1. I'd like the FRET efficiency for Lys73 and Asp154, computed as 1/(1 + (r/R0)^6) with the beta carbon distance as r and R0 of 22 Å, rounded to 0.05.
2. How high is the relative contact order of the stretch 8-267, in percent, counting Cα pairs under 8 Å that sit 6 or more residues apart?
3. Enumerate the amide H contacts of Phe122 below 5 Å, restricted to partners 5 or more residues apart or on another chain; note that Pro and chain-start residues carry no placed amide H.
4. Once you charge only the Cβ atoms, +1 for Lys and Arg and -1 for Asp and Glu, what is the size of the charge dipole of the stretch 66-184 about its Cα centre, to the nearest 20 debye?
5. Could you name the lysines whose alpha carbon sits less than 19 Å from that of Lys184, not counting residues in the same chain fewer than 8 places away?
6. In nm, to one decimal, how far is the Asn47 label point from the Arg297 one, both placed 7 Å along Cα→Cβ?
7. Among 281-287, 35-41, 134-140, what's the highest-first ranking by average C-beta atoms within 10 angstrom per residue?
8. Counting Lys and Arg as +1 and Asp and Glu as -1, each charge on the Cβ, what is the dipole of the stretch 133-248 about the Cα centre in debye, to the nearest 20?
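Values in this text are rule-based calculations from the coordinates and carry no lab data. Small disclaimer: the values here were computed from a predicted structure and weren't measured. A quick note on method: Cβ atoms are made from the backbone with ideal geometry, for glycine too, and the neighbour counts reach across all protein chains shown.
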Amino acid sequence: MVHSIVSLEEKDQLVFHENDSFERRKAHRKTRYPEAISARYIINNPNACYLFKTVSCLILVYSKTRYWIARKKLRQTWINATHYKPQNVVFMFLLGTSDNPKLQEIIKNENTKYQDILQGDFVDSYRNLTNKGVMGFRWVTEYCRNAEMVIKIDDDAYINMFKLLKNFSYLKDRKKFIYCNTVKKDIMSIQRNISNKWYVQEDSFRGYSYYPHTYCSGIVVILSTDIIPSLYRAAMMTPFFWVDDFYLFGILPSRIPGVRFEDMGINYTSTYMESIKCLTEMRSRCHYLVMMINTVRIKHIWNAVLQTWS
């Protein structure tokens, strides 16, 4: 396994060879693998990280194609790299495709202005989040190995980057490391009821009642960059499974020796009122690193953060 930063030439050869092998396997098997392993980028920003010698943190934000107004509001608050100078922080919104030509034109114009969108050639849907994640792993492997750490985050979550860069800088030195809200193996039931949102067909994990690997609740996941090329390679050998949290942060890490999980614990809250109370009353002593948001509440949370951290 290759964990160090390699030259662009070596990296290109590595990716070509692995994708070529993947295409040969796909041609001879009916097993489905993630499309994003080899799907083209419809929109790409290949130089986003290489503008810097070192990227302090890369944040991959899962967003739906139609949420362009939400992306605009997020850029007006915390998703703006200028807030975190002199640290080099890079944000990238991850999207699939839309069959709406007008919406696609909006997305193209949005990227022309902000240059922070990565769009893959797969349908943007809830059951395709696994492809979105694999695309992120692939992009980091190809274009952002100079990041000191990588964060995957949903667009309805907020991570206090001021607090992260100041109080959690030790994470940059970790290897084969995943920091998240962990779900221990054999705890979470595999849902077989077809009416359930997380329904899993009987031919997936046949004979299992519970998910057999520790994994992350994927609202926010912080990863050491060294592990990501290995996760991408593992996806080439791992059949597609639509429950993205388990596939990306459970199955794939289980294929890599020595991966360590650390639970986020009290550093996370899903309650808006708890977030505001903690930020306004405890200010810099507020222990929450991750909070749930929407496009209205983020303004209040962001203002409370700025009063303490800016």
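1. The formula returns an efficiency of 0.90 here.
2. Relative CO of the stretch 8-267 lands at 24 percent.
3. For Phe122, whose amide H was placed from the backbone, the distant partners under 5 Å are Thr97.
4. With only Lys, Arg, Asp and Glu charged at Cβ, the dipole is about 420 debye.
5. Of all the lysines, those that pass the test against Lys184 - Cα under 19 Å, at least 8 places apart if same chain - are Lys176.
6. 4.0
7. 134-140, 35-41, 281-287
8. Here the stretch 133-248 has a charge dipole of around 380 debye.
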